[in-house]
Amino acid sequence: MIIHAPVPVFRLAIVIPALDEVEALPETLASLRRQESGPPFEVVLADGGSRDGTVPRFKELTRDWPSCGRMARVVACPRPGRAEQMNAGARAAAGEVLVFLHADTHLPPGATLAVLRALADPAVVGGGFRHSYSEPGVLLRIISSWATARSLLSGIHYGDQAIVARRSVFEAIGGFPCEPLFEDLEFSRRLRARGRVVTLPLAVSTSARRLRRGGVARTAARFAWFKLRHALGVQSSRLKARYPDVR
């Protein structure tokens, strides 16, 4: 008589959209490995067609995860696009709570436990983390402080803050809008309209590579200008053509 081990049911699923992230991914996965005191979770890599070995590297680094009560899988997306990739990853995941983590963003120790504690309150529909950059710099610290303050005051979280959502609410609002830009902003607004959102007391650490490539002050100013134009009704497809897409 063959007895099959039950398939674990994970309350928490972490979705990582990726495209050619073989260099950034190891430290991000290391931050997940450091979630020692937290609950079991699954990780879904939603790959947009990487050609640099991202998928094999992910499989290599997560090969022993089942022995730790965790699961890792890859979802191959037909075309790149962060919104579509995150939606595909969410569909493949089984968790009741979803965390959307950029491939160059690291969760702090205790993050997964903090997420589930926050959502133990049935009124909470989701939220995100406080913001910090991995690299040093006065201007980067100012930008991070502003991002955190904005989230605390407005309930709006961007993708590099590891957006959190209940699956039921995620599905009810249709996931991330399939727009080429600011899909995280639009999703965060829809999430906020569904109930209480929280900014967790822990800070994620995200790469400033996008800012550094074009110059921190100059690129930050461009982002602010894009956001203003978006708020005034300019289509995302028009803005995307001038957006520095550094993942």
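The values are calculated or read from the model by the stated rules, or taken from the named source; none is laboratory data. The structure displayed is predicted, hence computed values, not measured ones. Neighbour counts are summed over all protein chains in view; Cβ atoms, including those assigned to glycine, are modelled from backbone coordinates with ideal geometry. The area values use the complete protein model at the heavy-atom level, side chains included, leaving out ligands, DNA and RNA. Shrake-Rupley method; radii C 1.70, N 1.55, O 1.52, S 1.80 Å.
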Strands (runs of 3 or more DSSP E) contained entirely in region 53-141, each with at least 1 residues that are open to solvent by 30 Å² or more (accessible area, probe 1.4 Å) and farther than 29 Å from PRO201 by Cβ: 71-76
Elements of type helices (runs of 4 or more DSSP H) contained in region 153-247, each with 2 or more residues being modelled with pLDDT under 70: 209-214, 216-231, 236-240
Residue within region 107-120 that is under 20 Å from ALA172 (Cα atoms) and either free of Cβ contacts under 8 Å to residues at least 40 places away in the same chain or of a type in the set (S, T, N, Q) (or both) present: yes
Residue among VAL55, VAL22, VAL74, VAL115 that alone is of a type in the set (Val, Ile, Thr) and closer than 20 Å to ALA165 by Cα: VAL115
From GLY38, GLY49, residue being modelled with pLDDT of 90 or more, farther than 17 Å from GLY175 by Cα and assigned to a loop (DSSP other than H, G, I, E, B): GLY49
Some residue of region 71-93 being under 28 Å from PRO177 (Cα atoms), out of contact with any Ser or Thr (no Cβ under 7 Å at 6 or more places or on another chain) and acidic (Asp, Glu): yes
